[in-house]
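Since the structure comes first, as structure tokens, the remarks are kept for the end.
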Amino acid sequence: MLKNTTVASGEYEGCRRGPDGQWVSHYHGCRPQGTPQGASYLYWVGSQPDAQAFERYLAEHPGAVDVWLGGHTHTNPDDRYGGKSHVETKWGVHFVNVSALTKFHVRITTVPMSRPMRIEGDQFHVGCYLHTSDYAPQGPYSQGTRALKLRKRFSARGRAQSVASR
């Protein structure tokens, strides 16, 4: 995910300091040679640390992108660490953390879930499906469902048309 867009995508939000002061995994793995401040977002672009190249582009080009899908932070559907959820809007872009199908990627935070999606006209529906009953009953999880408005309407033929031209 991009920096500060969805749950745990800010600086130092992917790792924690252990009792001994060393970095330990929380949402994401922490490696001695790694960069714990950027463990939760696209930190490196080429050899540039904390590049934020995409963030700058989106801020400078409103309307360039409607939806950004990413699958990095593996956690429960109600987690709002860093004041952000799995589905957030920033710079006019809907960011969706589609999460994880694995139960064992990060032992303490992972809830296996997927995000069924559909587009109806200018509405982008993002569902939440829990694959185990570890967090809530297995199946569709309505609290994790969102309807997002797109800038362009999609026709049955898959062509986008401007919402203003309707």
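What follows draws every value from the coordinates through simple rules; no lab data is involved. Quick caveat: nothing in here was measured; it's all calculated off a predicted structure. No Cβ is skipped: glycine too gets one built from the backbone with ideal geometry, and neighbour counts run over all protein chains shown.
Details
- Here the dipole of the chain is about 560 debye; that uses its Cα centre as origin and unit charges on the Cβ of Lys and Arg (positive) and Asp and Glu (negative).
- Convex hull projection area averaged over all views, the range 15-165, Cα basis, nm²: 11.2
- Residues Thr6, Thr35, Thr110 in ascending order of nearby Cβ atoms (within 10 Å, fewest first): Thr35, Thr110, Thr6.
- For the chain, the residue among Val126, Val24, Asn4 whose Cα projects farthest onto the positive side of the dipole built from Cβ charges is Val126.
- Protection proxy ranking, peptides 44-57, 91-104, average beta carbon neighbours within 10 Å, highest first: 91-104, 44-57
- Whole-angstrom gap from the range 66-107 to the range 1-35, using each part's C-alpha centre: 15
- Site pair Lys149 and Thr102 shows an inter-label distance of 3.9 nm when each label is modelled 7 Å from Cα along Cα→Cβ.
- Working from label points 7 Å from Cα in the Cα-to-Cβ sense, the Ser114 to Val24 distance is 3.3 nm.
- Contour excess over end-to-end distance, with Cα ends at Ala53 and Gln138 and 0.36 nm allotted per residue: 26.7 nm
- Close amide-amide hydrogen proximity is noted between Tyr43 and no other residue 5 or more places distant or on a separate chain, at a cut-off under 5 Å (H modeled in the peptide plane; Pro and chain starts excluded).
- Asp66 paired with Arg80, simple spin-label distance in nm, labels 7 Å along Cα-to-beta-carbon: 2.8
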